[in-house]
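Derivation of every value follows stated rules applied to the coordinates shown; laboratory data play no part. All values reported here derive from a predicted model rather than from experimental measurement. When we count neighbours, we look across all protein chains shown, and the Cβ atoms used for this are built from the backbone with ideal geometry, even at glycine.
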């Protein structure tokens, strides 16, 4: 009797996978069909997004997901899936491969750490278009895209410079990579353009998504009299810390004014939707080509969130005027003379950094108190 | 009222089917939750099996994922056989990865010699790391659970220090990664998949551990100590040396898992090389009844669940929290079954 039961259990284990295997063959057929019978009118899009955080992070991933939802509404976009909290590095290789194998023909990988895995997987799937956000490696079927978020960072710096009373501004920063450094520098240049006495203190958290660590970093800045807190993180934790202690908060990624009503000033924000629609359209029409997209305010890929009531009207006017200037294409944020925070001239008067120099920036400008960890 | 009574003899049948039953219980419970979320559980499970076993590639990924589980599972189970609780396989894995990476980045060795040196360095660093707690246990009777557990955090922090600091790739835009290993120091892969020689090494070590435990005097003595330390002492077995030796071996196996991850999968050292493998190894060892062959089988089953979990997100759009919940449920039922193997519920009618 006992033996029979054992056999029955074991048998059910052998049969179970068998059953489901049959099932999967049935489902396989319709999946493969669209690719084979792609109408000449244009390619049907099946897109997938690989996210580094959860879609509910209220920050970086949340902003990308808003864009995904916009793109999903296009008539020729049949299916847009996503997979969240994917660790950077080798783990992502498996997930990106799995997406390509399932017939997704447009794959967005939305964090720097997916760069090598994206390139690696793309070489095995030449018919799939890959778009990697924030990296520098491209291939025939891999394009990169990013935005000049440093432009609205500069504008938010102007707001911070006008609002600070202690002349100490706290900046909670993730990793000391060029993207983050560029943001700190643009912000600080914005601060100093309206308030040359103010300093920006930087704390590195070495994480994109760790509310606890980010909150602690903000606390430590508030302890040294920072009265405006901004950040380059994926969660609102530093801003919540600022609100609790009666300081002002400048966000990042998306408009969180309703979450932090008592402290919110503004934020550099991303509008990925328009770009995602544009890319999907190109792939649909067959005009897509690998390239490096780096749009700014002029394309509305980046923007400054509406300034809150806490920001006086004259400051809003000043910032909006500068914004109009940047949006018109007159971007002289990284035009000399610019000194680094050891006093060395890094951009001579009359010269401007090229895009490549901006993308590999590895110095902190005068006014930043902090160092790039070596 | 229900009371639990210790079973005199754990039922052999129940012991054999308990792991399978706990997986079934977990599947059923997760299915109920899926129904509440408006998802067809049969389709979800079919998707998981398809993802992990439904294609050549899926199988290869499942085996890649099982490799560190086999190695850490072996290490943990050897110690468990002697009733030494090594909770530190994760940290030992990190230290092994560090040892292998040091050789790859700084020794100048190349080719087969280089790989062999990486392997040896990983085994030695992992083994020494675990050996510390073995030494403390043997010489001062310090609780090895606490020591191994806490040394995990030290190992992870140490690797973080290296990749953020002295070992950081100078051309890596300040990202916390070491340079890539030169191609001849990366384990070769099979059939255009990511399945690497580390898996073969893991299989060989399964055989090695099996023979070591079942056919050698050392293995016999370890089992005697585990079953009855007093008897072992009377029989003249030197327990202290065994504790240190077993801990070293246990850590060496976990260290080799670290070698497999950096040399076979990542091709460099970075943070997060272990996705909790050293902790999953504890469940693997338990579920496998501490036997080497069992570790192999259970590791593959766990890998199916881990790899298949991806499809829950991709196809069903279940949040990542659900995937974690699902894996947690399985572990929960496994632990519960272990309790019921050794205890049985007795219904007591009161008032009579």
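Working from the Cα coordinates of chain A, the gyration tensor eigenvalues give, after taking √(5λ), semi-axes of 43, 25, 19 Å in decreasing order.
Stokes-Einstein diffusion of the range B:78-286 at 10 °C, 1.306 mPa s viscosity, Kirkwood radius from Cα pairs, rounded to a whole number: 90 µm²/s. Listed from fewest to most Cβ neighbours within 10 Å, the set A:338, B:78 follows the order A:338, B:78.
Calculated mean residue ellipticity at 222 nm for chain B: -24500 deg cm²/dmol, from DSSP H runs with n ≥ 4 weighted as -39500 (n - 2.57), summed, divided by the residue count and rounded to 500. Simple spin-label estimate for residue A:289 and residue A:127 gives 2.4 nm between the two label positions (7 Å along the Cα-to-Cβ direction from each Cα).
For the protein assembly as shown, DSSP calls about 25 percent of its internal beta bridges antiparallel. Residue separation of residue B:343 and residue B:33 scaled by 0.36 nm, minus their Cα-Cα distance, works out to 108.7 nm of gained length. Ratio of Rg to Rh for the range B:1-155: 1.10 [Cα atoms; Kirkwood radius as inverse mean 1/r over pairs].
Averaging the sequence gap over all C-alpha pairs within less than 8 Å and six or more residues apart, then dividing by the number of residues, gives chain A a relative contact order of 17 percent. Judged by the gyration tensor of its Cα atoms, with axes a ≥ b ≥ c, chain B is oblate; a/c meets the 1.5 cut and b/c is at least as large as a/b. Ranked by how many other Cβ atoms sit within 10 Å of their own Cβ, fewest first, the residues A:99, B:136, B:177 fall in the order B:136, B:177, A:99. In chain A, the DSSP-assigned H stretches of four residues or longer account for a calculated mean residue ellipticity at 222 nm of -13500 deg cm²/dmol, using -39500 (n - 2.57) per stretch and the full residue count as denominator. Within the protein assembly as shown, the percentage of alpha carbon pairs spaced more than 38 angstrom apart rounds to 45%.
Spherically averaged projected area of the convex hull of Cα atoms, the range A:173-313: 10.1 nm². Choose one answer from B:263, B:252, B:43: the residue with the largest mean-square fluctuation in a GNM of chain B with alpha-carbon springs under 10 Å. Judging by the Gaussian network model, the answer is B:43.
Computed on the range B:78-286, with alpha-carbon pairs under 8 angstrom and 6+ residues apart, the relative contact order is 41 percent.
If the chain linking residue B:275 and residue B:227 were pulled fully straight, counting 0.36 nm for each residue of separation and taking away their Cα-Cα distance, it would gain 14.0 nm. Fewest-first ordering of A:275, B:253 by other beta carbons within 10 Å of each residue's beta carbon gives A:275, B:253. The relative contact order of chain B comes to 37 percent, based on Cα pairs under 8 Å that sit 6 or more residues apart. From the Cα gyration tensor of the range B:155-210, with a ≥ b ≥ c the square roots of its eigenvalues, which class applies: rounded if a/c is under 1.5, or else prolate if a/b is larger than b/c, or else oblate? Oblate is the answer for the range B:155-210, as a/c is 1.5 or above yet b/c matches or exceeds a/b.
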